[in-house]
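Here is the structure we will look at, set down as structure tokens.
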Amino acid sequence: MAETVHSPIVTYASMLSLLAFCPPFVILLWYTMVHQDGSVTQTFGFFWENGVQGLINIWPRPTLIAWKIIFCYGAFEAALQLLLPGKRVEGPISPAGNRPVYKANGLAAYFVTLATYLGLWWFGIFNPAIVYDHLGEIFSALIFGSFIFCVLLYIKGRVAPSSNDSGSCGNLIIDFYWGMELYPRIGKNFDIKVFTNCRFGMMSWAVLAVTYCIKQYEINGKVSDSMLVNTILMLVYVTKFFWWEAGYWNTMDIAHDRAGFYICWGCLVWVPSVYTSPGMYLVNHPVELGTQLAIYILVAGILCIYINYDCDRQRQEFRRTNGKCLVWGRAPSKIVASYTTTSGETKTSLLLTSGWWGLARHFHYVPEILSAFFWTVPALFDNFLAYFYVIFLTILLFDRAKRDDDRCRSKYGKYWKLYCEKVKYRIIPGIY
Ligand code: NDP
């Protein structure tokens, strides 16, 4: 019997709101940015006049070209995931005591993807601006296609789970929403969560960032410095992600969250539409910042991305070396925490209590949120909607910190209590 992440009532509420509000929100976000000049007031005015029928009218129907773009992109990424060479990497021990094995070829897939996309554009084979022109239809197709994908994932979890890190909690809705399997695979090697989260979701972020830049160039014959700062920062962030992809396989998304509607639909739909939205906004808002301000924002953004990376790196290096490494030039301070796996085995983990991890238990979320702020601020402050991702991310990460604390408290018990006594703050040192 699987443990559930949240109580049934929280799951029902979040699932209903995700199902009811997220798909229309994705369409409204796109519609406001692309057709209403990014103005929430204008969109509100439209719905004031047209009511619910207005939403039905603006909702793009998935077209053949949208399906073709999604299919070619998905198939290309799946092929790269399977075929490109990469180092064999072991993931963390799962709750059932398994150790999943991955092929670390994310960075190669990332460079091949960008080179292919830019090459297709350069040689006049495919114009990325077409993706922008059909964005609404693509998002609409993703909304429906990903739902069906999640139904298939649920069925797979029921009839053909890939490992014993799976199981039902006895409630169909919760199983569908939070997922049945931790590491679903097709065959032995094709990891479905690596595909949905990394190779489809995160990769689409970079591909769409480039698309928005090219579209602005097509409209204006040049790219504004605000768009350049936004695109460079997003690309640095996604490059960092793929550089560190094997590290991502140790994080909550992969090691703790099961492959269900929550994480998979989110990565397949929400990442391409909402995470990329500051760039989508800038296409029609070519703000000129001036070289000096542009460079300040760029440097501040890169610094935040670096600090976020360094926090993750520090924790993983500490775990990889079993605490035998230097943290900020000194031997790390730590807690040796023991816990019991679902199969009853006792294991130990090390908790780092110095370096970034001594400042707050989830300090790394601070530079994560600030990075997003710095790639959005080139849009300046004409429209609040450009900042939606930053606001969403802040709420997501504050909730995630709580979720992670709760999970670690039940996993490590008194050792987690000790950690909380040593490192008092959850996210912002001295404040929260
Ligand atoms: P973490 O990488 O922080 O992983 C949390 C896990 O680390 C805990 O569950 C625990 O796992 C272990 N851990 C906790 N404290 C310590 C410690 N002191 N020493 C050693 N190990 C510890 O979680 P996230 O997945 O949230 O973040 C990973 C990265 O992804 C971050 O950079 C974050 O900013 C980013 N992120 C971005 C999001 C976005 O939407 N843009 C969303 C979420 C994350 P264990 O059971 O192994 O002990």
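General observations
- Every condition in (1) open to solvent by less than 30 Å² (accessible area, probe 1.4 Å); (2) free of Cβ contacts under 8 Å to residues at least 24 places away in the same chain is met by ILE56 except one, and the failing one is (1).
- Residues of the range 165-191 classified as in contact with a Cys (Cβ under 8 Å, 6 or more places away or on another chain) and open to solvent by less than 10 Å² (accessible area, probe 1.4 Å), total: 2
- Matching residues in the range 59-89 - criterion: being assigned to a helix (DSSP H, G or I), in contact (Cβ under 8 Å) with a residue 60 or more places away in the chain and touching a helix residue (DSSP H, G or I) at 6+ places or on another chain (Cβ under 8 Å): ILE65, ALA66, TRP67, ILE69, ILE70, TYR73, GLY74, GLU77, ALA78, LEU80, GLN81
- Any chance ILE254 is more than 18 Å from the chain's Cα centre (by Cα) and of a type outside the set (D, E, K, R): no
- Members of the range 386-418 that are open to solvent by less than 40 Å² (accessible area, probe 1.4 Å) and over 21 Å from GLU368 (Cβ atoms): TYR412, GLY413, TRP416
- Those helices (runs of 4 or more DSSP H) of the range 195-256 in which 2 or more residues are crowded, with 23+ Cβ neighbours inside 10 Å and either away from the ligand (no atom under 14 Å from the Cβ) or free of Cβ contacts under 8 Å to residues at least 40 places away in the same chain (or both) occupy 203-220, 225-243.
- Within the range 342-386, the set of residues being aromatic (Phe, Trp, Tyr) and within 15 Å of the ligand (Cβ to nearest atom) comprises TRP356, TRP357, PHE363, TYR365, PHE373, PHE374, TRP375.
- Options LYS87, LYS103: the member that is surrounded by 15 or more Cβ atoms within 10 Å (Cβ to Cβ) and touching a strand residue (DSSP E or B) at 6+ places or on another chain (Cβ under 8 Å): LYS103
- Output for the range 319-373, where each listed residue is at positive phi and either in contact (Cβ under 8 Å) with a residue 60 or more places away in the chain or open to solvent by less than 70 Å² (accessible area, probe 1.4 Å) (or both): GLY323, GLY329, GLY344, GLY355
- Number of positions in the range 287-310 that are farther than 22 Å from GLU90 by Cβ and within 16 Å of the ligand (Cβ to nearest atom): 9
The values are calculated or read from the model by the stated rules, or taken from the named source; none is laboratory data. For clarity, every value in this text was computed on a predicted model and none was experimentally measured. Cβ: placed from backbone, ideal geometry, glycine included. Neighbour counts: every protein chain shown. Heavy atoms of the whole protein, side chains included, go into the accessibility calculation; ligands, DNA and RNA do not. Shrake-Rupley method; radii C 1.70, N 1.55, O 1.52, S 1.80 Å.
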